[in-house]
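Here the structure comes first, spelled out in structure tokens, and everything after it is commentary.
The values are calculated or read from the model by the stated rules, or taken from the named source; none is laboratory data. Every value quoted in this text rests on a predicted model; they were computed, and no experiment measured them. Note that each Cβ is placed from the backbone with ideal geometry, even for glycine, and that neighbours are counted across all protein chains shown. For the accessible areas, the whole protein counts, side chains as well, though only heavy atoms, and no ligand, DNA or RNA atoms are used. Shrake-Rupley method; radii C 1.70, N 1.55, O 1.52, S 1.80 Å.
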Amino acid sequence: RDHEGNVIWPYMVMVMLIVLLFTVLGALIRSRLSVENPSKWQIVLEDVVGGLANMLTEWLGPKGVAFLPLIGGLGAFILVGNYMGLIPGLMSPTSNINVTVGCALTTWTFYHLQGVRAQGLVNYLLHFMFPPGVPKALAPIMLPIELISHSSRVMSLSLRLYGNIFGEELVIAILAFLSPWWLPIFPLPMMLLGLITGGLQAFIFVLLSII
């Protein structure tokens with residue numbers, strides 16, 4: 001609790017730590033960027049950003065690079081959030097449904113706003129009734145189908161990430177409880193697996209957001 005007695009949830013503390021981490025790293029990296037003599041870390045970072053930019057261009061066309069800040073920011077946040085739970089004393093904020101729903105709603109709201117911006121409000125709303133390639137006579141059926149489809153994307157994005165990370169942390173906690181206090185080795189195989197699944201889940205969220 002803070003000095004006023006308000007509850008500060010642990011996952012919010014983890015989120016604020018990630019924001020602080022990115023703020024400090026951003027300031028440090030920006031001060032060390034060089035065109036003539038790039039460091040090894042700068043080259044790696046440029047390769048990662050370039051790979052994501054190519055993915056956006058491949059799926060969304062030349063204008064896809066405009067969405068790099070959002071997609072890259074979400075991917076970096078989720079990646080670090082997934083790995084935080086592997087550090088003793090910390091937890092993964094992405095193991096809390098509030099965080100994953102927030103990430104999913106960010107993507108969901110953004111792509112609808114981009115649709116309205118590109119097509120205009122009326123045309124964008126009409127496409128729910130008249131999707132490309134579907135006979136207009138099916139409009140009364142397509143409208144509820146499209147509304148359910150778009151609404152379910154929030155659930156799909158949020159529950160997939162939450163379920164995987166929460167389950168992983170729960171198994172690690174159970175294995176740690178079963179381990180002898182003087183040799184806590186039981187959780188290690190699951191933690192090693194978490195190094196793979198944490199990055200994979202971040203990539204899946206990014207890919208589904210692009211799609």
Notebook entry, point to check: Tell me, which helices (runs of 4 or more DSSP H) wholly within segment 28-127 include 2 or more residues that are within 16 Å of residue 209 (Cβ to Cβ) and out of contact with any Leu (no Cβ under 9 Å at 6 or more places or on another chain)?
Noted result: 40-60, 68-84, 97-119
Check: Residues 49, 122, 116, 134: which one is under 19 Å from the mean Cα position of the chain (by Cα), on the phi < 0 side of the Ramachandran plot and open to solvent by 20 Å² or more (accessible area, probe 1.4 Å)?
Finding: 49
Check: Using beta carbons and a limit of 6 Å, which pairs, at least six apart or on different chains, have the first residue in segment 152-167 and under 16 Å from residue 200 (Cβ atoms) and open to solvent by less than 70 Å² (accessible area, probe 1.4 Å) and the second one of a type in the set (S, T, N, Q) and modelled with pLDDT of 90 or more?
Finding: 161/94; 161/100; 161/201; 162/100; 165/82; 165/92; 165/94; 165/95
Next item on the list: List the number of the failed condition for residue 140; all other conditions in (1) closer than 28 Å to residue 110 by Cβ; (2) free of Cβ contacts under 8 Å to residues at least 12 places away in the same chain hold.
Entry: (1)
Notebook entry, point to check: Listed residues 118, 173, 139; which is under 25 Å from residue 11 (Cα atoms) and at pLDDT below 95?
Noted result: 173
Next item on the list: Restrict the check to segment 171-186 and report whether at least one residue is over 30 Å from residue 132 (Cα atoms) and in contact (Cβ under 8 Å) with a residue 40 or more places away in the chain.
Entry: yes
